[in-house]
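Below is one structure; the comments refer to it alone.
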Amino acid sequence: MTAADPKDLAEFAADADAWFAANVVADPGFMLPLTFMEVGTDRQFDFLREWQFKVHAAGYLGAAWPKAYGGGGLSQEFQNAATAAMRRHNGPIMLNAIGLNWTGPLLLDMGSEEHRLKYLKRILSAEDIWCQGFSEPENGSDLGNAQTRAVRDGDDYILNGSKIWTTLGGYADYMILLCRTDPNAARKYDGLSFILTPMKAPGVTTTPIRKLTGEHGFTQTFFADARAPVSGRMGEEGEGWKVAMRTLEYERSVRGGQAGGYVSVQADAWEVLELARRMKRGDAPALADPAIESQMVDFILEIQSLALCRQRMAVAPLNADHPHGLALSSKLMTTEFARRINEFAISLTGPKAAYYVGDPNAVDDGIWTRAYLNAFSATIGGGTTQIQHNIVGEHVLGLPKS
């Protein structure tokens, strides 16, 4: 893709800014999710699905994906400008996170032309919602030990087993499924396959899981003699581990190519700063406490550092010492920052931190406590904080696994 013409880019950015200014609904009359993992009601789901459809139809989602698959065929700078306008006007999150950020880029990267034509446009428009079938109840973070079985039967696979922590599982049309097609493979990783699996098929059921935040953003998914077409397999049988590892690179933002927008509301140090000014310690603002002021300065410096790191990732010579170091550590740094700053925010609210959303005594309708509880999901999904430490240690610093 050639570089953007500055005049065209400026015009596009101005149009995007005007569009989001006119179309973002400040208060839809109900609580909007902070993350795609928090969509717990039909009302939220329907609103966010319609919002994503509108953003895509206006040309501000998937702008850098090829036109043949529903995108805008533009350079990435155009999508970046649209996403910046979306943030500037506090637009709602994009609903179809797993489709936009993981499945879509994966299909552009490794998928067949048939897969791209069938799925990509409907991912952008939110006509098809996607979920992920990696984790299992008995295997925790040992993804390579997945036991959900897929047995070939003509043009189908017959699926039996269970997946857990399926975000949007109750709403999804498709799942990216890692399953075991060869239980006798010499290496457990060689017996896995990766299948694009319909969720509305007979034999597929979901059970909601209630989270710390009180809603049911996750489900457990069960397969009981469910059928998935062989045509939905990515790669050959036994190549599922390779495809899954590439998927995790998109999930952890090690690779680019995502459709744009955002799927969670970022922690904002400046909003926490305003909270510190409003909250009292005795008769004085909490920010007057030197310890709180010092911590606040550290958070502001850290969020600026994270922003600079994201810019540095795009400049190869600045990463020559550890070419993938920043990318591999990005998820670890950003998710842990969100957890810590939200924990600090609720500490500023004092005893009122115990009040949750909807309680009249809660500070800012309990959003700080809600954000803190929500922050834990991002430190687990896509590899826990502990696993991310191991990845950075082994693959960036070259430390031994032992």
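Quick notes on this one:
- Flag for THR379 being among the polar types (S, T, N, Q), without any contact (Cβ under 8 Å) to a residue 60 or more places away in the chain, within 23 Å of MET31 (Cβ to Cβ) and surrounded by 15 or more Cβ atoms within 10 Å (Cβ to Cβ): yes
- Any hit, segment 133-143, residues being assigned to a strand (DSSP E or B), within 18 Å of THR247 (Cα to Cα) and either within 25 Å of the chain's Cα centre (by Cα) or not assigned by TED's automatic domain parsing to the domain that holds THR41 (or both): yes
- For segment 82-99, the set of residues classified as within 25 Å of CYS131 (Cβ to Cβ), in a helix (DSSP H, G or I) and in contact with a helix residue (DSSP H, G or I) (Cβ under 7 Å, 6 or more places away or on another chain) consists of MET86, ALA97, GLY99, listed by residue number.
- For segment 121-132, residues that are assigned to a helix (DSSP H, G or I) and surrounded by fewer than 23 Cβ atoms within 10 Å (Cβ to Cβ) total 2.
- Single condition THR384 does not satisfy, out of (1) surrounded by 19 or more Cβ atoms within 10 Å (Cβ to Cβ); (2) in contact (Cβ under 8 Å) with a residue 60 or more places away in the chain; (3) farther than 26 Å from ASN80 by Cβ; (4) under 20 Å from the mean Cα position of the chain (by Cα): (1)
- Hits in segment 307-326 - residues which are of a type outside the set (S, T, N, Q) and either more than 21 Å from GLN388 (Cα to Cα) or out of contact with any helix residue (DSSP H, G or I) (no Cβ under 6 Å at 6 or more places or on another chain) (or both): ALA307, LEU308, ARG310, ALA314, VAL315, ALA316, PRO317, LEU318, ALA320, ASP321, PRO323, HIS324
- Here is the figure for segment 262-296: residues that are closer than 30 Å to ARG49 by Cβ and either in contact with a helix residue (DSSP H, G or I) (Cβ under 6 Å, 6 or more places away or on another chain) or surrounded by fewer than 18 Cβ atoms within 10 Å (Cβ to Cβ) (or both) total 5.
- Cross-chain or 6+ apart pairs with Cβ under 6 Å, segment 60-75 first and without any contact (Cβ under 8 Å) to a residue 40 or more places away in the chain, then assigned to a loop (DSSP other than H, G, I, E, B) and among the hydrophobic types (A, V, I, L, M, F, W, C): GLY72/ALA63
- The set of residues in segment 332-384 that are within 20 Å of VAL297 (Cα to Cα) and among the basic types (Lys, Arg) comprises ARG339, ARG340.
- The residues on offer are LYS118, LYS163, and the sole one that is surrounded by 17 or more Cβ atoms within 10 Å (Cβ to Cβ), without any contact (Cβ under 8 Å) to a residue 12 or more places away in the chain and either in the same structural domain as THR221 (by TED's automatic domain parsing) or not in a helix (DSSP H, G or I) (or both) is LYS118.
- Members of segment 174-200 found to be buried (at least 19 other Cβ atoms within 10 Å of the Cβ) and outside any strand (DSSP E or B), listed by number: THR181, GLY191, MET199
- Matching residues, segment 144-172, being within 27 Å of the chain's Cα centre (by Cα), under 21 Å from ASN184 (Cβ atoms) and among the charged types (D, E, K, R): ARG149
- Test result for ALA338, out of contact with any Asp or Glu (no Cβ under 9 Å at 6 or more places or on another chain), surrounded by 18 or more Cβ atoms within 10 Å (Cβ to Cβ) and either in contact (Cβ under 8 Å) with a residue 24 or more places away in the chain or assigned by TED's automatic domain parsing to the domain that holds SER377 (or both): yes
- Annotation for segment 59-81: no member residue is among the polar types (S, T, N, Q), part of a loop (DSSP other than H, G, I, E, B) and surrounded by fewer than 17 Cβ atoms within 10 Å (Cβ to Cβ).
- Consider segment 1-23 and keep the residues that are assigned to a loop (DSSP other than H, G, I, E, B) and in contact with a helix residue (DSSP H, G or I) (Cβ under 8 Å, 6 or more places away or on another chain). The one that is surrounded by the fewest Cβ atoms within 10 Å (Cβ to Cβ) is ALA3.
The values are calculated or read from the model by the stated rules, or taken from the named source; none is laboratory data. All of these numbers come straight from a predicted model, not from anything done at the bench. Positions of Cβ are generated from backbone atoms using ideal geometry, with glycine treated the same way; all protein chains shown enter the neighbour counts.
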